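Enquirer: I have a structure here, written as structure tokens, and I will follow up with some questions on it.
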Amino acid sequence: MKHYKFLDLSDSIAPDVAAIKEAINCVVDSGRFIGGREVERFEERLASIHGVNRECVSGVSNGLDALRLIFRAYIEAGRLKPGDEVIVPSNTYIASVLAVTDNNLVPVFAEPDIYTYNIDGRSVEKVITPQTKAVMPVHLYGRPAWDAELLKVAKDNHLIVVEDNAQALGALAECNGLHGSRLTGTLGDAAAFSFYPTKNIGALGDAGATIAKDPEVAEIIRALRNYGSAKRYENIYAGLNCRLDSIQAAILNVRINRLEEESERRRSIADTYLSEIRHPAVSLPIRSEGSVWHQFVVRTAERDLFREYLLSNGVETDIHYPLPPHLQKCYHQTYGQLSLPVACELAESVTSLPMGASITVDDAKTIAGIINGYPR
Ligand SMILES: *Cc1c(COP(=O)(O)O)cnc(C)c1O
């Protein structure tokens with residue numbers, strides 16, 4: 001029986017191994033291990049991909065730090081203050097929420113749509129209060145969390161829009177039909193990126209980046225990531241150490257060349273799942289042209305049985321995520337009493353199918369066939 005791995009990072013990096021080793025050697029020989037040319041090159045590349053000024057982009061240590069730095073920069077700029085409310089999706093990965101609470105801001109959970117897994121204008125509008133100052137669309141599983149209504153709600157309520165783009169590098173959002181489609185990460189005021197090894201484009205360790213459209217905010221992020229200092233031994237802010245390693249930047253300068261190929265590959269696998277899986281007990285996500293399908297997530301009522309069946313047929317799966325943030329031990333006391341039925345239902349029913357470099361379109365067809373044979 002053939003075995004379908006959920007994800008194998010050796011498979012993901014396989015086509016780039018020689019170039020990665022060469023890039024690492026160059027850094028070793030350069031004698032420059034923090035910042036420097038490779039970090040600048042990567043920032044330039046991200047800026048050009050997203051059509052923003054080079055100054056808007058900062059390479060940072062990881063995705064969580066990218067989000068933390070963005071909120072901290074808005075606080076330093078006097079545009080947010082501790083106690084302000086930030087709307088976050090109730091079913092996001094916990095890092096989105098950690099960045100909010102780390103800055104003494106208050107997370108307010110908006111429920112996602114059960115078929116897109118994302119928040120939208122309506123769900124955000126429902127939880128707005130006079131204290132709401134920002135909203136964080138999370139482009140979960142690589143699917144743009146963006147619609148004309150979300151933009152309108154944010155504008156009407158003067159909300160700062162911080163995108164969590166950790167899972168959606170390269171995703172395209174429909175922008176009202178007016179401007180055509182635009183890359184996630186350029187829709188709001190600022191965006192956080194992660195290059196954690198399992199993301200669509202991953203480093204060989206931790207790495208992240210921010211885009212901030214406001215030059216003042218971008219400049220503060222740059223200082224904050226480096227002890228709050230823009231000039232050596234002059235500290236404007238009580239900053240952090242959240243820098244991007246040269247070696248990870250050099251690796252990312254190799255890996256980023258695969259962005260389009262990787263997105264296309266994932267789109268073909270998702271298309272195959274969407275057109276081939278036909279089982280009354282399995283709910284599929286709604287189609288999304290612009291998604292980069294970081295995960296392909298289906299829902300079933302008796303998830304354990306479903307996953308055991310798949311595994312017994314050689315198909316590994318995973319769960320993203322088994323417990324929503326508000327029920328995690330760290331938040332349970334403060335937010336555990338909230339009624340967030342959609343987040344809870346998703347946590348109990350979602351299964352992520354194999355996606356990425358370890359499987360082919362033909363594999364996806366076979367996996368769909370196995371799912372269609374699920375005896376329920
Ligand atoms: C991975 C991820 C993060 C955090 O990124 P790290 O680089 O792992 O710190 C934040 N938000 C979401 C939605 C993520 O998937």
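The values are calculated or read from the model by the stated rules, or taken from the named source; none is laboratory data. No experiment lies behind these values; they were computed from the predicted model shown. Positions of Cβ are backbone-derived with ideal geometry, glycine not excepted, and every protein chain shown enters the neighbour counts. All accessible areas refer to the heavy atoms of the entire protein, side chains included, with ligands and DNA or RNA removed. Shrake-Rupley method; radii C 1.70, N 1.55, O 1.52, S 1.80 Å.
Enquirer: Of (1) touching a Ser or Thr at 6+ places or on another chain (Cβ under 9 Å); (2) surrounded by 18 or more Cβ atoms within 10 Å (Cβ to Cβ); (3) part of a loop (DSSP other than H, G, I, E, B), Thr92 satisfies all except one. Which?
Expert: With (1) touching a Ser or Thr at 6+ places or on another chain (Cβ under 9 Å); (2) surrounded by 18 or more Cβ atoms within 10 Å (Cβ to Cβ); (3) part of a loop (DSSP other than H, G, I, E, B) applied to Thr92, the lone miss is (1).
Enquirer: Considering only the stretch 103-123, state which residues are closer than 22 Å to Gly78 by Cα and either assigned to a loop (DSSP other than H, G, I, E, B) or open to solvent by 10 Å² or more (accessible area, probe 1.4 Å) (or both).
Expert: At the first step, the residues of the stretch 103-123 found to be closer than 22 Å to Gly78 by Cα are 103-108.
Hits for the stretch 103-123 are Asn103, Asn104, Leu105, Val106, Val108.
Enquirer: Would you confirm, using the coordinates I've provided, whether Ala250 is small (Gly, Ala, Ser), away from the ligand (no atom under 16 Å from the Cβ) and at pLDDT below 95? Spell out how you get there, then give the answer.
Expert: On the way: small (Gly, Ala, Ser): yes; away from the ligand (no atom under 16 Å from the Cβ): yes; at pLDDT below 95: no.
Judged against the criteria, Ala250 is not a match.
Enquirer: Hey, another quick one. Checking Val100 against (1) part of a helix (DSSP H, G or I); (2) open to solvent by less than 40 Å² (accessible area, probe 1.4 Å); (3) touching a residue at least 60 places away in the same chain (Cβ under 8 Å), which single condition isn't satisfied?
Expert: Unmet condition: (3).
Enquirer: Can I ask one more? Residues that are farther than 22 Å from Ala209 by Cα and modelled with pLDDT of 95 or more: does the stretch 86-101 have at least one?
Expert: Checked the stretch 86-101: at least one residue is farther than 22 Å from Ala209 by Cα and modelled with pLDDT of 95 or more.
Enquirer: So Ile236 ticks every box in (1) over 20 Å from His50 (Cα atoms); (2) touching a strand residue (DSSP E or B) at 6+ places or on another chain (Cβ under 7 Å); (3) among the hydrophobic types (A, V, I, L, M, F, W, C); (4) surrounded by 18 or more Cβ atoms within 10 Å (Cβ to Cβ) but one. Which box is left unticked?
Expert: Condition not satisfied by Ile236: (4).
Enquirer: Hey, among the residues in the stretch 17-36 that are open to solvent by 70 Å² or more (accessible area, probe 1.4 Å) and under 30 Å from Ser96 (Cα atoms), which one's nearest to the ligand (Cβ to nearest atom)?
Expert: If we take residues in the stretch 17-36 being open to solvent by 70 Å² or more (accessible area, probe 1.4 Å) and under 30 Å from Ser96 (Cα atoms), then Ile34 is nearest to the ligand (Cβ to nearest atom).
Enquirer: Sticking with this structure for a sec: Working only within the stretch 45-87, note down all residues that are buried (at least 24 other Cβ atoms within 10 Å of the Cβ) and closer than 23 Å to Gln337 by Cβ.
Expert: Val86, Ile87
Enquirer: Sort out which residues of the stretch 184-208 are more than 10 Å from the ligand (Cβ to nearest atom) and within 13 Å of the chain's Cα centre (by Cα), and write them in order of number.
Expert: Thr184, Gly185, Ala191, Asn200, Ile201
Enquirer: Also: Can you name every residue in the stretch 54-70 that is within 9 Å of the ligand (Cβ to nearest atom), more than 17 Å from Glu40 (Cβ to Cβ) and not aliphatic (A, V, I, L, M)?
Expert: Once the filter is applied, which keeps residues that are within 9 Å of the ligand (Cβ to nearest atom), more than 17 Å from Glu40 (Cβ to Cβ) and not aliphatic (A, V, I, L, M), the stretch 54-70 yields Asn62, Gly63, Asp65.
Enquirer: Across the stretch 124-141, which residue is nearest to the ligand (Cβ to nearest atom) among those that are among the hydroxyl-bearing types (Ser, Thr, Tyr) and not in a loop (DSSP other than H, G, I, E, B)? Let's see the steps before the verdict.
Expert: Step one: list which residues in the stretch 124-141 are among the hydroxyl-bearing types (Ser, Thr, Tyr), which gives 129, 132, 141.
This time we only want the ones that are not in a loop (DSSP other than H, G, I, E, B), so: 132, 141.
Numbers: Thr132: 21, Tyr141: 9 Å.
Among those that are among the hydroxyl-bearing types (Ser, Thr, Tyr) and not in a loop (DSSP other than H, G, I, E, B), it is Tyr141.
Residues are listed down the side, and each one gets a yes or a no for (1) buried (at least 17 other Cβ atoms within 10 Å of the Cβ); (2) in a helix (DSSP H, G or I); (3) among the charged types (D, E, K, R):
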| position | (1), (2), (3) |
| --- | --- |
| Phe306 | yes, yes, no |
| Pro322 | no, no, no |
| Tyr331 | yes, yes, no |
| Leu338 | no, no, no |
| Val342 | yes, yes, no |
| Ser352 | yes, no, no |
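Enquirer: Here is a further query. All but one of (1) touching a strand residue (DSSP E or B) at 6+ places or on another chain (Cβ under 6 Å); (2) at pLDDT below 95 hold for Ala110; which doesn't?
Expert: (2)
Enquirer: Take the stretch 71-96 and flag every residue that is out of contact with any His (no Cβ under 9 Å at 6 or more places or on another chain) and within 12 Å of the ligand (Cβ to nearest atom). Spell out how you get there, then give the answer.
Expert: From the stretch 71-96, those out of contact with any His (no Cβ under 9 Å at 6 or more places or on another chain) are 71-89, 91-92, 94-96; that's our starting set.
Residues satisfying the conditions are Val88, Pro89, Asn91, Thr92, Ile94, Ala95, Ser96.
Enquirer: Looking at His158 and the list (1) at pLDDT below 95; (2) on the phi > 0 side of the Ramachandran plot, which single condition is not satisfied?
Expert: All conditions are met except number (1).
Enquirer: Among the listed residues Glu276, Glu219, identify the single one that is under 25 Å from Arg37 (Cβ atoms) and open to solvent by 10 Å² or more (accessible area, probe 1.4 Å). Before the answer, list the steps.
Expert: On the way: Glu276 fails: under 25 Å from Arg37 (Cβ atoms).
That would be Glu219, the only listed residue that is under 25 Å from Arg37 (Cβ atoms) and open to solvent by 10 Å² or more (accessible area, probe 1.4 Å).
Enquirer: Test of understanding: among Arg287, Arg225, Arg266, Arg278, which residue is within 16 Å of the ligand (Cβ to nearest atom) and more than 19 Å from Ala191 (Cβ to Cβ)? It would help to see each step written out before you state the result.
Expert: Working: Arg287 fails: within 16 Å of the ligand (Cβ to nearest atom); Arg225 fails: more than 19 Å from Ala191 (Cβ to Cβ); Arg278 fails: within 16 Å of the ligand (Cβ to nearest atom).
Only one candidate passes the filter, namely Arg266.
Enquirer: Suppose we keep only residues that are more than 12 Å from the ligand (Cβ to nearest atom) and of a type in the set (A, V, I, L, M, F, W, C) within the stretch 164-181. Which one would you say is modelled with the lowest pLDDT?
Expert: Of all residues in the stretch 164-181, those more than 12 Å from the ligand (Cβ to nearest atom) come to 170-181.
Then drop every residue that is not of a type in the set (A, V, I, L, M, F, W, C), which leaves 171-173, 175, 178.
Numbers: Ala171: 97, Leu172: 95, Ala173: 93, Cys175: 73, Leu178: 54.
The selected residue is Leu178.
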